[in-house]
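A short write-up of the structure that comes next.
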Amino acid sequence: MQTRIGIIGGGPSGLCLARLLSLAGIKSVILERHDRAHVEARIRAGILEQGMVDLMRKAQVGARMEREGLPHDGIVLTFGDRVERVDFAALTGGQRVMVYGQTELTRDLYDAVLSDANISVVFQAHDVHPRGFLDGQPVLEFVADGQPRALACDFIAGCDGYHGASRAAVPRDMITEYERIYPFGWLGLLADTPPVHEELIYSNHERGFALCSMRSHTRSRYYVQVGLTEKVEDWPDDRFWDEIRRRLPGRFADKMVIGPAIEKSIAPLRSFVAEPLRFGKLFLVGDAGHIVPPTGAKGLNLAASDMYYLSTALIAFYQQGRSDLLDRYSQTALRRIWAAVRFSWWFTSISHRFNDEPIERKIQLAEFDYLMGSTAGRTTIAENYVGLPFDASFG
Ligand code: FAD
Ligand code: DHB
């Protein structure tokens with residue numbers, strides 16, 4: 001087997017990258033460990049920045065997102081009983097975000113990818129090993145249908161998430177990994193109930209953080225901060241609904257509509273960056289190269305800038321014989337990544353309960369007071385939340 005770009009991972013990064021390349025006539029093969037249903041069922045991101053929305057349009061997979069996605073012009077922040085709204089539109093010159101679930105986005109991408117003549121997908125590809133990427137002759141070895149296979153390619157895109165095979169294949173002395181693990185996780189619940197409010201609510205409460213999000217006008221997504229030793233089995237639906245209502249100001253708690261969970265899961269929180277993101281002919285993209293705690297809704301939106309830079313660089317390579325953009329991929333992508341790592345860490349630090357020391361909450365309250373009383377403070381939240389721009393000089 002042979003192709004131009006060998007892509008490991010059929011999540012949003014691998015799928016969208018393949019589409020962007022295909023529209024420039026560049027063929028690729030995606031190796032995905034699971035099947036389509038499994039990848040589509042993962043309940044993860046819900047908030048798209050304009051940059052990701054634009055990329056979906058560019059990949060010609062944006063039609064349903066345009067119809068069904070919900071544009072949001074602000075978020076609500078609460079501290080105890082205090083309620084404040086951050087108005088993105090007013091603070092950032094009209095910028096907004098879009099509520100559109102990763103499940104839906106992944107489905108749209110698979111619909112396009114599986115009928116795209118330039119893209120092949122191998123599902124249930126096991127034991128994937130990238131080889132030869134430092135010697136100029138990349139090969140992806142893997143097992144499919146019980147048979148060993150090899151895919152020769154010009155470049156490898158490692159789009160296989162935090163636990164994938166691509167970063168693991170890099171010699172340890174060539175990579176530096178920066179990591180922070182937070183002392184809590186998020187317990188998420190999805191329910192077919194109308195959202196408690198028309199905008200997202202990020203709540204700092206003395207019992208811990210809570211987030212009220214949504215997927216549509218009839219489907220809610222809620223999260224509560226939980227200890228690292230907590231198990232989903234310890235959280236029957238009633239316990240979850242009681243806890244989230246206790247963490248919200250009365251005017252929201254009183255009108256929350258509860259119902260049976262469609263899904264419940266616990267996610268750990270981590271900040272992680274690998275440097276660099278290029279190793280010869282192997283490039284890391286999305287969660288394979290970096291993870292942020294979900295508080296700022298940045299994970300998928302960071303994958304978007306990676307996909308944009310790498311697709312632009314590969315298209316310049318094939319269409320104009322240029323390799324300068326491939327050389328600049330890592331440093332350009334990392335600049336935006338570190339900015340989002342900083343914001344996600346900071347937003348987490350001002351909204352979660354880290355310890356039992358009363359001084360922590362007093363300092364958080366002082367910061368909340370300062371931020372909400374200052375246009376500069378509100379603007380820093382707004383412009384980071386809607387997403388920092390891609391580097392326009394890359395191209
Ligand atoms: P992944 O989605 O992890 O996809 C990687 C793919 O590679 C998977 O399909 C996997 O099966 C496959 N794979 C892995 N290993 C191998 C292998 N060895 N061989 C072959 N295939 C392999 N982001 C936002 O932007 N906004 C949000 O609101 C948001 N909310 C979130 C909420 C939660 C609770 C969580 C957990 C995450 C959230 N994120 C959010 C982050 C977002 O979901 C991820 O950043 C995004 O999924 C990254 O996409 P990816 O394609 O890079 O990686
Ligand atoms: C969602 C997840 C987030 O991490 C976030 O900050 C906002 C929304 C969500 O799943 O809807």
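A few remarks follow.
- Three principal axis extents describe the C-alpha atoms of segment 1-117; from largest down they are 60, 28, 22 Å.
- Longest to shortest principal axis, alpha-carbon extents of segment 325-395, angstrom: 50, 28, 12
- Segment 5-59: C-alpha gyration tensor shape, a/c 1.5 cut-off, then a/b vs b/c: oblate
- Spatially close lysines, pair count over the chain: Cα under 27 Å, gap of eight or more or interchain: 9
- Remark: relative contact order (the chain) = 20 percent; criterion is Cα-Cα distance under 8 angstrom and separation of 6 or more residues.
- Between segment 200-270 and segment 138-152, the C-alpha centres lie 43 angstrom from each other.
- Note on M372 and E141: with the Förster distance fixed at 56 Å, the Cβ-Cβ geometry gives a FRET efficiency of about 0.55.
- On the beta carbon distance between A63 and E275, with R0 = 22 Å, the FRET formula returns roughly 0.05.
- Model label sites at F123 and H38, defined 7 Å from Cα along the beta-carbon direction, differ in position by 1.0 nm.
- Equivalent ellipsoid of segment 273-326: semi-axes from √(5λ) of the C-alpha gyration tensor, largest first, are 25, 13, 6 Å.
- Leading residue at positive end of dipole, segment 149-302 (Cβ point charges), from A169, Y222, W235: A169
- Residues considered: D324, D173, D87. Largest GNM mean-square fluctuation over the chain, using C-alpha springs under 10 Å, is found at D173.
- Put the Cα centre of segment 23-59 next to the Cα centre of segment 367-395 and the gap is 27 Å.
- Accessible surface of the chain [probe 1.4 Å, protein heavy atoms]: carbon and sulfur percent: 50
- Three-way shape label, segment 108-195, alpha-carbon gyration tensor, a/c 1.5: oblate
- Per residue, the chain exposes an accessible area of 42 Å² to a 1.4 Å probe, with every protein chain left in place.
- Computed from the C-beta positions of I175 and D356, the FRET efficiency with R₀ = 41 Å rounds to 0.65.
- Between V143, V226, V292, the Gaussian network model of the chain with springs among Cα atoms under 10 angstrom shows the greatest mean-square fluctuation at V143.
- For the chain, excluding the exposed loop sites themselves (trypsin sites (Lys or Arg not before Pro), DSSP loop, at most 12 other Cβ atoms within 10 Å), the longest remaining stretch covers 1-230.
- Fluctuation leader among I181, I26, I244 - the chain, Gaussian network, Cα springs under 10 angstrom: I181
- Span-rule helices in the chain, defined as complete DSSP H runs reaching 27 Å or more along the axis (Cα) with Kyte mean at least -0.5: 299-320, 324-351
- Translational diffusion coefficient of segment 83-138 (Stokes-Einstein, Kirkwood radius from Cα pairs, 20 °C, 1.002 mPa s): 132 µm²/s.
The values are calculated or read from the model by the stated rules, or taken from the named source; none is laboratory data. In this text, all values refer to a predicted model and were calculated from it rather than measured experimentally. Don't worry about glycine lacking a Cβ; one is built from the backbone with ideal geometry, like all the others, and counts go over all protein chains shown. Side chains are part of the model used for accessible areas, which takes the heavy atoms of the whole protein and leaves out ligands, DNA and RNA. Shrake-Rupley method; radii C 1.70, N 1.55, O 1.52, S 1.80 Å.
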